[in-house]
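Asker: Okay, here's the structure, questions in a sec.
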There are 2 protein chains.
Amino acid sequence: MLASNVKPFETPMPGPVIFKRLWETGLLKNNEVAALAGLSWTRQNVPADGSIDSRRDLCLLSSGMVFRQRTMEDGVRRLMSMVVPGDICCYAIVTGHMTLSTLCAVTPCTVMRAPMEEVITLCEHYPNILAALLANLSIDTAVTEELLLSIGHRTALERMAHFLCELEFRLRRVRLADHAQFLLNMTQADMGAYLALSAVHVNRTLQELRRRGLVRTVGARINLLDQAELQRIAGFSPAYLTDAR
Amino acid sequence: MLASNVKPFETPMPGPVIFKRLWETGLLKNNEVAALAGLSWTRQNVPADGSIDSRRDLCLLSSGMVFRQRTMEDGVRRLMSMVVPGDICCYAIVTGHMTLSTLCAVTPCTVMRAPMEEVITLCEHYPNILAALLANLSIDTAVTEELLLSIGHRTALERMAHFLCELEFRLRRVRLADHAQFLLNMTQADMGAYLALSAVHVNRTLQELRRRGLVRTVGARINLLDQAELQRIAGFSPAYLTDAR
DNA sequence: CGTTAGCTTGAAATCTGTCAATGATTGTGG
DNA sequence: CCACAATCATTGACAGATTTCAAGCTAACG
C-alpha cells in the first residue's frame, strides 16, 4: 500500500500536538496525556548550528530540525539520525545512558523540556507513559535500521527517494507537510552527511529526481510530484514508522 | 587507549555466564541475578540457518552466532545486527514491539528462554532488572549506530578491521576469544551481507589484511596478529560497547 | 567418489568521490 | 541601497573503490 493512502492519524488527540507521537502509540489514556502536559515544561530556543543539552531533561522537539550527530576521529561529522517536531530528542531518560552522539540543530528550533526527575516520578505513577516512551524508542530504532538498509543497499537515487518519502511521512504526521509539500531546511551537505553521500552527489541526485519529474523545489520548499514512483524507486513502505504491534 | 588494555570484566560475577552482560551494567545486586536465574529457563537448540521465535520469551543466546536480518523486496537478505553469546536476542519484551527483522542463526546455536510473563513480573518486583535490560538495549543501539558509521564512512578495509576488532572484544567479554583468537563461523557472503560488501570484495579485503600481516586464518579460526594496527585502521575504540554511564 | 557450497582470481563496468572552478543567494555593514 | 563576504548550489573532468560477471579451485560431506 502506498503511504499516501495510509492514514494512521485518525484518532482525535487530547492535549498539545507535541504529544502526538506518544499518543499514537495507542498506549495512553486522556488523563495520562493530561498528566504529561502538567509537567513543568520550559521552552528553549536554539539557533541554527546550536547544540541541545538533554542530560537533565526530557526534550521534545517543537519546531525546526535536529540531528543526532557524531564527530569521527578525523573531525568529519556524521549525522546519525533525524529528529523532527514531535520527536523525542534523546532517550537517555529511559535507558539511563548517555549516548556518544550529540544533538545538533540544522535550523533554528524550539525545544520543550521537562525535568528528568519529574518525568521519572510520572512514569512510576503511570507505567503507560513509560511504555509509550519505549514504543517511540522502538520506532526510532527501526528508523535507524532503515537508514542502515538505505546506506548499505540502496543507490544514491534510491537513498534520496527514500529519505524524501520518509521525511514527507513524518512531517505529515505532525501536520508540517501538506499535499506532498514541505520545507527541506537543510543544506545539501547536511543531507550528504546523513545519507553518506558527498555534497556534489547529493546535488546530482536531486537533479536527476527533478529531471525525471519526481520532485520540484522552490527555495527550501520541496514538492513530491509523484510519490508513488518515488516510493517504488526507494522501496519505501511506512510500516517501520508506525507502532505496528 | 587500546582495546587490548581495556579490562571491563573484572568484577566477579554471581550466577551463570549468560547473565554476564546484564551483570556488567553494574545495576544488579547478587540477589537480582539469583532471581533472574530462578526463572523457568528452557534450552533450545537451533540448527544453522534456523530462525528463532522470540515472541513469547525473553531469549538469551547461549552459544553460536545469530543475526537480526531483514529481507528486502527484491529478496536480498540483509544482516542488520549481530548477536553473540550472552546477548539478548530481542528487546520486544521491554519495548512491547515486534521488530521487522527476524532472528537467523548462521551457525548451530543454543538459546535460553524465559517466559515473557515471568520476566515482566520479575521486572515489576526488581526495577533494576528492567534498568539492566534497558542499559543493554542502549548499548545495542550504539552498536547499530557504529555499524552505520562503518558502512557509511569507512572503506572496505576499515570496515572489516572494525568488524574484527568489535567481534574480538565482544567474544572476549564472554570468554570466547583468547589471545586475540576466536572462531569466525560465518561465510564470507554472510560477512558481506552484514558489512554491505559483495562476497568477492570481502574475500579480497581479508586477503589484504592477511597480506599486511594483520590477521591469520586457519579454517574458521582467526587470529588478530596486530590488534593495535587493526584498531588504528578501523578507528576502533570500544567505548560504545560498554556501559559508559 | 561425486556433488555442493564456499573460496579465489581476473577483467570489465559502474557508481561515487574528489578537485577545481563558476554561479547564485543571503546577510551585513557602510 | 549598494558593495562585499560568505555560504551554498552547480558543473565538468578525472580518479578510485567496489560491484558484477565468469570461471576455476578447494574442501567438506553424503
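Asker: For B:Lys20, which aspartates and glutamates qualify as cross-link partners when the Cα separation must be under 18 Å and same-chain residues fewer than eight apart are set aside?
Answerer: By straight Cα distance, B:Lys20 reaches B:Glu10, B:Glu32, B:Asp87, B:Asp140, B:Glu166, B:Glu168, B:Asp178, B:Asp243.
Asker: A further question follows. Interface B/A, total buried accessible area with a 1.4 Å probe, nearest 100 Å²?
Answerer: The buried area between B and A, both sides summed, comes to about 3300 Å².
Asker: Please report, ordered by residue number, every helix of chain A (full DSSP H runs) that is 20 Å or longer along its axis going by C-alpha atoms and whose mean Kyte-Doolittle hydropathy reaches 0.0.
Answerer: Once both thresholds are applied, what remains is A:127-153.
Asker: Quick one, what does Rg over Rh come out to for segment A:3-143 if you take C-alpha atoms and the Kirkwood Rh?
Answerer: Using only Cα positions, Rg/Rh for segment A:3-143 is 0.97.
Asker: Springs between alpha-carbon atoms under 10 Å, Gaussian network over chain B: tell me which of B:Leu184, B:Leu149, B:Leu230 tops the mean-square fluctuations.
Answerer: Result: B:Leu149 has the largest fluctuation of those listed.
Asker: Now a separate question. For A:Glu117, place a label point 7 Å out from Cα along the Cα→Cβ vector, do the same in each other copy, and report the separations in nm, one decimal, smallest first.
Answerer: 3.9
Asker: Between B:Ser51 and the same site in the other copies, what are the distances in nm, shortest first, taking label points 7 Å from Cα along the C-beta direction?
Answerer: Values, ascending and in nm: 4.3.
Asker: Taking chain A as a Gaussian network, Cα atoms linked when under 10 Å apart, which of A:Leu100, A:Leu148, A:Leu225 shows the biggest mean-square fluctuation?
Answerer: Of A:Leu100, A:Leu148, A:Leu225, the Gaussian network model singles out A:Leu100 as fluctuating most.
Asker: Also: Just tell me how shielded B:149-155 is by partners: mean number of partner chain Cβ atoms within 10 Å of each residue's Cβ, no decimals.
Answerer: The shielding value for this peptide is 6.
Asker: Given Cα pairs under 8 Å that are at least 6 residues apart, what percent is the relative contact order of chain B?
Answerer: Averaging sequence separation for qualifying contacts and normalising by length gives 22 percent for chain B.
Asker: Segment A:155-241: Rg/Rh from Cα coordinates, Kirkwood Rh?
Answerer: Ratio of gyration radius to Kirkwood radius for segment A:155-241: 0.92.
Asker: Next question. What longest region of chain A stays clear of GluC sites (Glu not before Pro) that DSSP places outside H, G, I, E and B and that have at most 15 other Cβ atoms within 10 Å?
Answerer: Of all site-free stretches, the longest is A:74-245.
Asker: Restricted to Cα positions, what overall size does chain A have along the principal axes? Three whole-Å values, descending.
Answerer: Here the spans come out as 54, 44, 30 Å, largest first.
Asker: Let me ask something additional. How far is B:Leu100 from the same spot in each other copy, in nm, shortest first, if each label point sits 7 Å from Cα toward Cβ?
Answerer: Values, ascending and in nm: 2.5.
Asker: In the P(r) worked out for the protein assembly as shown, what percent of Cα pairs fall beyond 36 Å?
Answerer: Looking at the protein assembly as shown, the distances longer than 36 Å represent 30 percent of pairs.
Asker: If you don't mind, another one. With the full set of protein chains in place, find how many percent of the accessible area of chain B is carbon and sulfur; take the probe as 1.4 Å.
Answerer: The value for chain B is 53 percent carbon and sulfur by accessible area.
Asker: Same structure, new question: Using Cα pairs closer than 8 Å and at least 6 residues apart in sequence, work out the relative contact order for segment B:3-143, in percent.
Answerer: Once normalised by length, the contact order is 32 percent.
Asker: Identify which of B:Tyr194, B:Tyr91, B:Tyr126 has the largest mean-square fluctuation in a Gaussian network model of chain B, with springs joining Cα atoms closer than 10 Å.
Answerer: B:Tyr126
Asker: Rounded to the nearest 20 debye, what is the charge dipole size of the protein assembly as shown about its Cα centre when +1 sits on each Lys and Arg Cβ and -1 on each Asp and Glu Cβ?
Answerer: About 920 debye.
Asker: Limiting things to C-alpha atoms, what are the Rg and the maximum Cα-Cα separation (Dmax) for segment A:102-174, in angstroms?
Answerer: Over segment A:102-174's Cα set, Rg and Dmax evaluate to 16.4, 48 Å.
The values are calculated or read from the model by the stated rules, or taken from the named source; none is laboratory data. All figures in this text were calculated on a predicted structure; none of them were measured in a lab. Don't worry about glycine lacking a Cβ; one is built from the backbone with ideal geometry, like all the others, and counts go over all protein chains shown. Accessible surface is based on the protein model in full, side chains and every heavy atom, while ligands, DNA and RNA are left aside. Shrake-Rupley method; radii C 1.70, N 1.55, O 1.52, S 1.80 Å.
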